[in-house]
Structure formats: C-alpha cells, structure tokens
Amino acid sequence: MTETLFYHLERRALEDILPGLVEKSLQRGWRAAIKTDSSERSDALDSLLWTYDDQSFLPHAQQGDGDASAQPVLITVEEGNPNSAQIFFYVGGALPADWKGLSDLARIVLLFDGRDGEALAGARAAWKEAKDAGHDVTYWKETPAGKFEKQG
C-alpha cells in the first residue's frame with residue numbers, strides 16, 4: 001500500500017515546512033497535490049509558494065486556475081487527483097474522504113499542528129483509518145533542533 005507519513009509540527013509552522021517538502025517531491029520527479037481545508041488556506045499557500053524563496057521557483061496553481069492536469073503542483077479543496085499527483089499533502093485538517101482510494105499514490109503526507117488539540121485528535125483518528133486501510137504508516141516528530149525524526 002501507500003507510504004503514509006504523519007508530520008507532527010511542534011516548533012515550526014506549516015508555512016515553514018511545506019515548501020521544502022514540495023521541492024523535494026518535484027526533485028524526485030513526482031507531481032504533487034496539496035489538499036487544504038478551505039479556499040482561504042489555498043489562497044494563502046498559493047501566495048506562499050510564489051514568495052517563500054527568492055532563489056527558488058515552485059511551479060503550481062490552484063484548482064480552477066487553468067488546466068489542472070498540466071500542473072506539477074496543484075492546490076485544491078476538492079477531492080480527486082486531476083493533475084495525476086504521485087504525492088498528496090493534507091494540511092489544515094483536510095483528510096482523505098476514502099483512505100482505500102489512495103492506494104495508487106507513491107506517498108501521502110499529513111501535516112498537523114501538535115499544539116492544537118483538535119488537530120492532534122484528528123491526526124490520531126486519521127492514523128487509525130490509514131492503518132486500517134492497509135497503508136504503510138510512519139510518524140515523524142520535530143526535534144528541538146527543528147529536524148524531523150521517525151518515531152518508534
């Protein structure tokens with residue numbers, strides 16, 4: 001099944017972590033989708049990916065901006081995989097509607113704010129659902145130095 005990584009953010013914000021993970025995905029030759037919980041978060045991430053690094057460029061679009069199938073990175077609030085992504089990032093509390101329907105992906109990454117009790121509870125429930133669906137689930141926790149380490 002699909003490799004599924006849960007990133008427990010404790011020290012840095014999503015906006016500090018996500019662009020680097022997306023860059024690494026593109027370097028692997030993967031298309032990426034970023035599933036958000038709201039159009040407001042999609043707008044914010046769209047702006048972030050354009051401006052986060054003066055030395056870098058992350059080609060992307062939001063769903064509805066041009067041809068979704070042509071985008072190497074697509075930000076969306078909708079279900080589906082219109083850009084044929086190999087990796088899906090779930091952020092802001094967004095979760096898959098059907099974990100079993102994601103078995104054709106190379107990787108799923110769920111990023112959650114460990115300082116938010118509701119986000120933590122949602123991630124715990126999602127962990128169980130992903131495991132029950134047969135995914136290869138791993139948990140990554142941020143160290144005091146800001147690096148992510150695989151736990152247990």
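For this structure, a couple of remarks:
- Criterion: of a type in the set (Asp, Glu) and within 20 Å of Met1 (Cα to Cα) - qualifying residue of Glu129, Glu142, Glu149: Glu129
- Residue among Val73, Val77, Val91 that is out of contact with any Gly (no Cβ under 9 Å at 6 or more places or on another chain), in contact (Cβ under 8 Å) with a residue 60 or more places away in the chain and among the aliphatic types (A, V, I, L, M): Val91
- Test: Ser56 is closer than 29 Å to Lys150 by Cα, of a type outside the set (A, V, I, L, M) and at pLDDT below 95: yes
- Subset of the range 98-135 that is part of a strand (DSSP E or B) and at pLDDT 95 or above - its residue that is farthest from Ser84 (Cα to Cα): Phe112
- When Ala85, Ala97 are checked against the criterion of being within 22 Å of Asp136 (Cβ to Cβ), more than 14 Å from the chain's Cα centre (by Cα) and either buried (at least 21 other Cβ atoms within 10 Å of the Cβ) or hydrophobic (A, V, I, L, M, F, W, C) (or both), a single residue qualifies: Ala97.
- Whenever a residue of the range 107-128 is among the basic types (Lys, Arg), its partners that are surrounded by 11 or more Cβ atoms within 10 Å (Cβ to Cβ), lying with C-beta atoms within less than 7 angstrom and at least six residues away or across chains, give the pairs Arg107/Thr2; Arg107/Glu3; Arg107/Leu5; Arg107/Ile87; Arg115/Glu10.
- Residues that are surrounded by 12 or more Cβ atoms within 10 Å (Cβ to Cβ) and either modelled with pLDDT of 95 or more or more than 17 Å from the chain's Cα centre (by Cα) (or both), drawn from the range 137-152: Val137, Thr138, Tyr139, Trp140
The values are calculated or read from the model by the stated rules, or taken from the named source; none is laboratory data. The structure displayed is predicted, hence computed values, not measured ones. Here Cβ is always computed from backbone atoms with ideal geometry, including for glycine, and neighbour counts include all displayed protein chains.
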